[in-house]
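Colleague: Handing you this structure, nothing more for now.
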Amino acid sequence: MATVSITVNGNKVSRDVEPRTLLVQYLREHLGLTGTHVGCDTSQCGACVVHIDGASVKSCTTLAMQCEGASVTTIEGLAKDGKLHPMQEAFREHHALQCGFCTPGMIMSAVDLVEKNPGLTEDDIRHGLEGNLCRCTGYHNIVKAIAAASKTMGR
Ligand code: FES
Ligand code: FES
């Protein structure tokens, strides 16, 4: 066992875990943060995306031990003071989901994409989402939502 201490959604937590524990297992199984999903377990679908020190990362292929001392944000940490993050609000407004399975990872990827790339075009958004798969929506409303959020984020 190894003790892994991470700041998750602003709270410092420590858990004793097996060294092979993945970050997504640490979040879901040890902290009960089940908003981060596991779709493929092989770094393809993006359902497991979280932010590590502000950068989007696939938590199914990151060891919890690699995050020792880091700051991790999950979908549960995006809303502030009971108010949805502008990206969450845009997904709601533009009906950018159907089953919702891909949505947490899609939103976490989209937030990072917009924060790092002001003035995104539709092509940029589609290219930026290539690591996130959605089998329901056809992506059109997701792209619309991200374009809308790119105008409201940071206001
Ligand atoms: S579960 Fe991590 S990329 Fe699919
Ligand atoms: S909304 Fe169902 S997988 Fe994206």
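The values are calculated or read from the model by the stated rules, or taken from the named source; none is laboratory data. Just so we're clear, the structure is a prediction, and the values are computed from it rather than from any experiment. Cβ sites come from the backbone with ideal geometry, for glycine too, and all protein chains shown count toward neighbours. Heavy atoms of the whole protein, side chains included, go into the accessibility calculation; ligands, DNA and RNA do not. Shrake-Rupley method; radii C 1.70, N 1.55, O 1.52, S 1.80 Å.
Colleague: Just to be sure, is C60 assigned to a loop (DSSP other than H, G, I, E, B) and not small (G, A, S)?
Modeller: no
Colleague: Residues in the range 5-23: is at least one touching a helix residue (DSSP H, G or I) at 6+ places or on another chain (Cβ under 9 Å), open to solvent by 20 Å² or more (accessible area, probe 1.4 Å) and modelled with pLDDT under 95?
Modeller: Checked against the condition, which is being touching a helix residue (DSSP H, G or I) at 6+ places or on another chain (Cβ under 9 Å), open to solvent by 20 Å² or more (accessible area, probe 1.4 Å) and modelled with pLDDT under 95, the range 5-23 yields no hits at all.
Colleague: Among the residues of the range 90-118, which ones are open to solvent by 70 Å² or more (accessible area, probe 1.4 Å) and either more than 16 Å from ligand 2 (Cβ to nearest atom) or modelled with pLDDT under 95 (or both)?
Modeller: If we filter the range 90-118 for residues that are open to solvent by 70 Å² or more (accessible area, probe 1.4 Å), which is where we start, we get 92-93, 95, 98-99, 101, 115-116, 118.
Of everything in the range 90-118, those that are open to solvent by 70 Å² or more (accessible area, probe 1.4 Å) and either more than 16 Å from ligand 2 (Cβ to nearest atom) or modelled with pLDDT under 95 (or both) turn out to be E115, K116, P118.
Colleague: Here's another thing I want to ask about it. Out of the helices (runs of 4 or more DSSP H) lying entirely within the range 68-155, which hold 2 or more residues that are under 29 Å from I6 (Cα atoms) and without any contact (Cβ under 8 Å) to a residue 40 or more places away in the chain?
Modeller: Numbers: elements: 86-93, 103-116, 122-128, 140-152.
In the range 68-155, the matching helices (runs of 4 or more DSSP H) lie at 103-116.
Colleague: Out of all the residues in the range 32-57, which are more than 16 Å from ligand 2 (Cβ to nearest atom) and crowded, with 19+ Cβ neighbours inside 10 Å?
Modeller: Those that are more than 16 Å from ligand 2 (Cβ to nearest atom) and crowded, with 19+ Cβ neighbours inside 10 Å: L33, V50, H51, S56, V57.
Colleague: Conditions: (1) more than 17 Å from N141 (Cβ to Cβ); (2) surrounded by 17 or more Cβ atoms within 10 Å (Cβ to Cβ); (3) touching a strand residue (DSSP E or B) at 6+ places or on another chain (Cβ under 6 Å). S71 meets all but one. Number of the miss?
Modeller: Going through (1) more than 17 Å from N141 (Cβ to Cβ); (2) surrounded by 17 or more Cβ atoms within 10 Å (Cβ to Cβ); (3) touching a strand residue (DSSP E or B) at 6+ places or on another chain (Cβ under 6 Å) one by one, S71 breaks only (2).
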